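Note sheet for the following structure.
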Amino acid sequence: MSKLTNTKTTKRKYCKQPAPVPRSFDPGITQQRKSFILGSHWKWVNGTEIKYMFIEGPEPQKNVVRRAFKIWKDVGIGISFKEVSTVGESMVRIGFDFTDGSWSYVGRDILTIPKTDRTMNFGWDLTADSYGMTTAIHEIGHTIGFQHEHQSPFSGIVWDTKAVYKEFSGPPNSWPKKEIDTNIINKLPANQVKGSKWDPKSIMEYEFGPKLVLKPVKYKMGIFPPGILSANDIKGVKSFYPVIAQKSIQKVQPKKSTVIKAGTGGQSDFVFIAPSTNKFTFETTGKLDTVMVISEKGKTENFYLGGDDDSGLKKNAKLTLPLVKGRQYLINVRVTYAPASQSGSVIVS
Ligand SMILES: [Zn+2]
């Protein structure tokens with residue numbers, strides 16, 4: 001990595017997102033079904049323990065990121081974070097290449113990134129001032145599935161595009177037009193943002209100086225989010241990832257169907273205790289679109305064993321895994337689309 005230098009400038013550097021990983025569907029999938037599926041596409045299955053590792057970087061920089069993970073977790077959510085030390089265990093890989101910008105892939109796109117690559121980078125000194133912590137919380141926001149708030153289709157923002165291109169093509173960001181479009185100008189589809197209202201105080205909102213926004217008139221002199229989680233950030237993350245109540249977890253018996261009690265966007269959670277040390281197949285049945293994740297329940301942490309996503313495909317989620325007698329396996333099923341009057345179930349055989 002590059003040597004840490006003082007990157008303080010009078011103007012701010014901003015998060016610069018990589019292009020999303022393209023998503024394919026089987027032919028003949030309706031627009032409505034695609035739209036619902038994409039609404040959950042970037043979100044993790046609730047209950048997932050997201051393993052992150054640092055591939056480089058000095059401890060003081062890492063400590064800011066560790067604290068930022070804790071800030072998200074302390075909100076009280078159903079996903080959790082655990083630092084690991086090997087690439088094999090990692091889902092999120094964090095670097096500190098100061099010659100690159102700060103960015104993170106969004107949500108489950110991370111699982112498609114080769115293990116040799118980072119999924120998140122910090123491009124400036126996180127310990128220089130409070131903007132470092134803001135940056136870390138923001139990038140983790142992307143990691144758990146949130147997109148840029150200033151690109152919300154509900155913002156009503158009309159940019160002074162000429163001024164925006166001028167501002168961001170110059171130092172310290174020096175972005176080409178394409179980066180400015182994908183990170184600022186382009187509006188996101190409604191199903192890719194949290195909530196149905198723009199939240200100018202969100203951690204996922206950039207700060208903008210004066211004379212970049214034409215409308216709403218109120219923001220002509222700039223948008224200045226406080227740089228911490230807003231009330232709506234907290235509400236949004238808790239709604240996507242509520243704490244999973246122990247009593248809501250259904251026990252699955254071998255070879256017996258157990259109903260998925262969730263509609264579009266919802267989730268059903270199950271536990272299976274292996275009756276023998278053997279290979280077992282976990283499957284969803286029925287016409288629901290689902291993402292199924294299997295983890296082994298440990299004493300202090302859960303171990304992600306695998307996941308399968310049948311959304312928009314003419315198949316059901318299915319995973320065969322070697323299990324150990326007496327151990328508990330969590331089956332978390334996110335329903336990405338439930339056609340009217342259709343139900344589904346989980347079966348382990
Ligand atoms: Zn960002």
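Here, each number is a calculation from the coordinates, and none is a lab measurement. If you're wondering where the values come from, they're calculated on a predicted model, not measured in any experiment. Reconstructed Cβ throughout: ideal geometry from the backbone, glycine too, with neighbour counts over all protein chains shown.
Observations on the model:
- Rounded to the nearest 20, the size of the Cβ-charge dipole of the chain about its Cα centre is 660 debye, with Lys and Arg at +1 and Asp and Glu at -1.
- Rg(Cα) / (2.2 N^0.38 Å) computed for the range 32-240, rounded to two decimals: 1.01
- Simple rule: put +1 on each Lys or Arg Cβ and -1 on each Asp or Glu Cβ in the range 69-122, find the dipole, and look at VAL92, PHE122, PHE81; the Cα lying farthest toward the positive end is PHE81.
- Point-charge dipole on Cβ atoms (K/R +1, D/E -1) for the range 32-240, about Cα centre, debye to 20: 840 debye
- The range 157-195 and the range 199-223 have Cα centres separated by 12 Å.
- Of ARG334, ARG23, ARG12, the one that fluctuates the most in a GNM where the chain has Cα springs shorter than 10 Å: ARG23
- Amide proton proximity set for VAL271, modelled H, under 5 Å, gap of 5+: GLN250, LYS251, VAL252, ILE331
- Take the Kirkwood radius over Cα pairs of the range 90-155, plug it into Stokes-Einstein at 20 °C and 1.002 mPa s, and you get 171 µm²/s for translational diffusion.
- Our summary gives the chain a relative contact order of 18 percent, counting only alpha carbon pairs under 8 angstrom and 6 or more residues apart.
- Karplus 3J(HN,Hα) series, Hz, for the range 281-290 with 6.51 cos²θ - 1.76 cosθ + 1.60 (x for Gly, Pro): 10, 9, 9, 9, 10, x, 9, 6, 8, 9
- Principal semi-axes in Å for the range 246-348 [√(5λ), Cα gyration tensor, largest first]: 22, 14, 12
- Cβ-based charge dipole, the range 233-349, positive-most Cα from THR284, SER239, GLY266: THR284
- Full extension of the chain between LYS297 and ASP160 gives 44.1 nm of extra length, using 0.36 nm per residue less the Cα-Cα distance.
- Alpha-carbon centroids, the range 274-323 and the range 98-148: separation in whole Å: 28 Å
- Summing +1 for each Lys or Arg and -1 for each Asp or Glu among the other residues whose beta-carbon sits under 13 angstrom from that of LEU214 gives +4.
- Global size of the range 4-136 as Cα Rg and Dmax, reported in angstrom: 16.6, 54
- For the range 55-174, size of Cβ-based charge dipole, Lys and Arg +1, Asp and Glu -1, in debye: 300 debye
- The range 230-273-the range 42-91 distance, computed between alpha-carbon centres (Å): 21 Å
- Using the Karplus relation 6.51 cos²θ - 1.76 cosθ + 1.60 with θ = phi - 60°, the per-residue 3J(HN,Hα) values for the range 299-309 come to 5, 10, 8, 10, 10, 5, 9, x, x, 9, 10 Hz, with x marking Gly and Pro.
- For the chain, average projected area of the Cα convex hull in nm²: 18.2 nm²
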